[in-house]
Amino acid sequence: MVQYIARRLLLAVPLLFGLSILAFAYVRVIPGDPVTAMLGVNSDPELVARLRDQLGLDEPWYQQYLSWLGNVLTGDFGLSYRSRMPVSDILVDRIPATLELALGGLLVGLLIAIPAGLYAGFRRGSRADNVITGATLVGLATPGFWLGTLLMLLLALQLGWLPSQGYVPFDVDPAQNLRLLVLPALTLGLAIAPYLARLTRTAVVETGGEPSVAYARAQGLPERTVARTVVLRISIPSLIVAVALTVGFLLAGSIIVEELFNWPGMGRLVAAGVSERDYPMIQALMLIYGVIFIVVNVIAEVLQGLMDPRVRLT
Amino acid sequence: MSAVAVVAATTDGPRVKRGWKVIVGGGLLGFLALFMLVGPLISGYDPNATDLDARFAGPSAQHWLGTDDLGRDLFTRMAVGGRMTMLIALGAVALASAIAIPLGLLTGYLGGWVDLAVMRVVDLFFAIPTLLVAIGIVGLFGPSFSTTLLALGLAFWPFYARLVRSAVVGVRDLAYTDAARVIGAGRWRIIRKEILPALLPLLIVQTTVLLGFAVLDEAGLGFLGLGVQPPDASWGSLLAQSRGFVLSHPWIGVIAGVPILLVVLGINIMADVLRDRLDPQGAST
């Protein structure tokens, strides 16, 4: 068991290393000089030279990489080209809002998709399965931001049940914070639900073919009991992995949902960073999104190994 | 992992009669193709011609879907924008295939360090959300038609390459490829004549699935203002534009998403149909 966990953790190391190389290389392949990007084209040559020296741009690339990596590991992502503030300070302000939205969206997604996926999987081929699968197909084709716009128009503007957009920190006004969270979280949750429902259904259907399930049926157990005690229990490890896989999609979705609802999270920095060519910012965001995804998936694989001994052997 | 991989790994549906799927899927795609190709001809408007006397006009006999903030005819803009979006989506999928299919064939067949190296790069792409990869590439070259195409193509290839690779591994050591080897066929001949044909159904299905994602992600990039730039219309840029007046004139934002939904739905249904017909092993469970 310990060996399995250690191996999973070790496998993540080259991935994190590769991610850091990619993020580092990203800023180096930008057409043009980073110093010019920072200071503008018509800047004082002496100032340019000093900044180049200060940023270590005249050193060989591997030395630049190592000192950059050292900085990143201590939480120093450099200065934002745009605001001249440390990128890490900006990110720290934004992360809570993104986490709140992601958790809210995940909760909504799970509440819709897991029951739907389980039900469809248990009653494969039934009318309910057809309806759920059909809804999944339509859900997969629906652009998330368009769905969000429709929800905003309906629930906020037509019916007036909810505020249409904005953000208040939880510690300032918890009730208003949650009211403002409903629409974005609903949008994000509905956007990931089709994927989760599909993965859930597949997990259940695959488990249904296992010998232990056939054995439980052969014992004469009612179908309900088979579903609840055997199929569901065996499916849980693969469900955990399925949820972890959707996290990448959840993060991508949050970029768009934050933009739509003026939710001040990390996602809004992505679009702004690209339009303003704020490369240290984009670099830091790539790293953070990548690390979140890798960590979540390592945790999921470890959990899967804890619950399903067969996984540990592979 | 991204949405592409999730769907690629799990697309399955209940075993329903196929007839209605062909009718619905084909009907949707046919209808939209007609709209995009013929629409601008019958509407008689220039998609970029402004008419400040007719700003924000509702649907009427003159303007079937109304007009936008500059009085441009929305029906025409949506049809022309659809051409742009489909062109980007088809180009992006072609680019992704051009990278992924040869790479997947090679890594799957040869194995060894080439396989190891390429697949580690693929793993890396799995860790960053597809949309973020695409946004990063737009950040390098600046938003435009060709950047969007490039960005989506480069963001998609890793998922496709992994799929092709594992399919190759599945047929590489089957009896009939061994037989080809025994009669002295060379490596390239086996890849071209024995393995590639076996993979064709999978390739056809997957390119179709990717096409749906390319349409959605073009719209996503456009929505963030990082896709096709004004005054040119694409479905993504129309949505981005509609955000500016979604509260005062919600109509535009509401209809701008409809063709995206319909096209992607049509594409996904056709992908299901193709999977059922061509690739029975990967079909419905």
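The values are calculated or read from the model by the stated rules, or taken from the named source; none is laboratory data. Because the structure is predicted, anything quoted here is derived from the model rather than measured. Just the protein is used for accessible areas: all its heavy atoms, side chains included, with ligands, DNA and RNA removed. Shrake-Rupley method; radii C 1.70, N 1.55, O 1.52, S 1.80 Å.
Any idea of the accessible area per residue across the protein assembly as shown, 1.4 Å probe, to the nearest Å²?
Working: 26390 Å² over 599 residues.
Solvent-accessible surface per residue comes out at 44 Å².
Hey, what angle do you get for helix B:258-278 against the long axis of chain B, alpha-carbon based, 0 to 90 degrees rounded to 10? Computed tilt is about 20 degrees.
Which percent of the accessible area of the protein assembly as shown is formed by carbon and sulfur heavy atoms (probe 1.4 angstrom)? Carbon with sulfur: 66 percent of the solvent-accessible area. Between chain B and chain A, roughly 4500 Å² of accessible surface gets buried, counting both sides and using a 1.4 Å probe.
Each principal axis of the Cα atoms in chain B has its own extent, and those three values, largest first, are 77, 46, 29 angstrom. Hydrophobic long helices, here whole DSSP H runs in chain A with Kyte-Doolittle means of at least 1.6 and Cα atoms spread over 30 Å or more along the helix axis, are found at A:232-260, A:279-307.
What relative contact order, as a whole-number percentage, does chain A give when Cα pairs under 8 Å and 6 or more residues apart are counted?
Numbers: 341 pairs, mean separation 81.7, N = 314.
Computed over chain A, the figure is 26 percent.
What ranking of B:Trp251, B:Trp113 comes out by heavy-atom accessible area, probe 1.4 Å, highest first?
Details: B:Trp251 100, B:Trp113 195 Å².
So the residues, ranked largest to smallest area, are B:Trp113, B:Trp251.
How far is helix B:145-172 tilted off the main Cα axis of chain B, in degrees rounded to 10, range 0 to 90? Around 30 degrees separate the two axes.
Taking the longest Cα principal axis of chain B as reference, the axis of helix B:196-223 is set at about 30 degrees.
What does the C-alpha gyration tensor say about the overall shape of the stretch A:141-188? Classify as rounded when a/c is under 1.5, otherwise prolate if a/b is larger than b/c, or oblate.
Working: a/c = 3.28, a/b = 1.70, b/c = 1.93.
Because a/c hits 1.5 or more and a/b fails to exceed b/c, the stretch A:141-188 counts as oblate.
Kirkwood radius, chain A, all distinct C-alpha pairs, inverse of mean reciprocal distance: 22.4 Å. Entry note, chain B: relative contact order of 26 percent, from Cα contacts under 8 Å with a spacing of 6+ residues. Protein-only accessible surface at a 1.4 angstrom probe places the residues A:Tyr195, A:Tyr119 in the order A:Tyr119, A:Tyr195, largest first. When B:Lys193, B:Lys21 are compared by accessible area of protein heavy atoms, the largest-first order is B:Lys193, B:Lys21, using a 1.4 Å probe. Tell me whether the protein assembly as shown comes out rounded, prolate or oblate; compute the Cα gyration tensor, take square roots of the eigenvalues as a ≥ b ≥ c, and use a/c under 1.5 as the rounded threshold. Taking the square roots of the gyration eigenvalues as a ≥ b ≥ c, the protein assembly as shown is rounded.
At a cut-off of 30 Å², which residues of the stretch B:246-268 become less accessible once all protein chains are present than in their chain alone, using a 1.4 Å probe? The answer is B:Val246, B:Leu247, B:Val254, B:Leu261, B:Leu265, B:Asn268.
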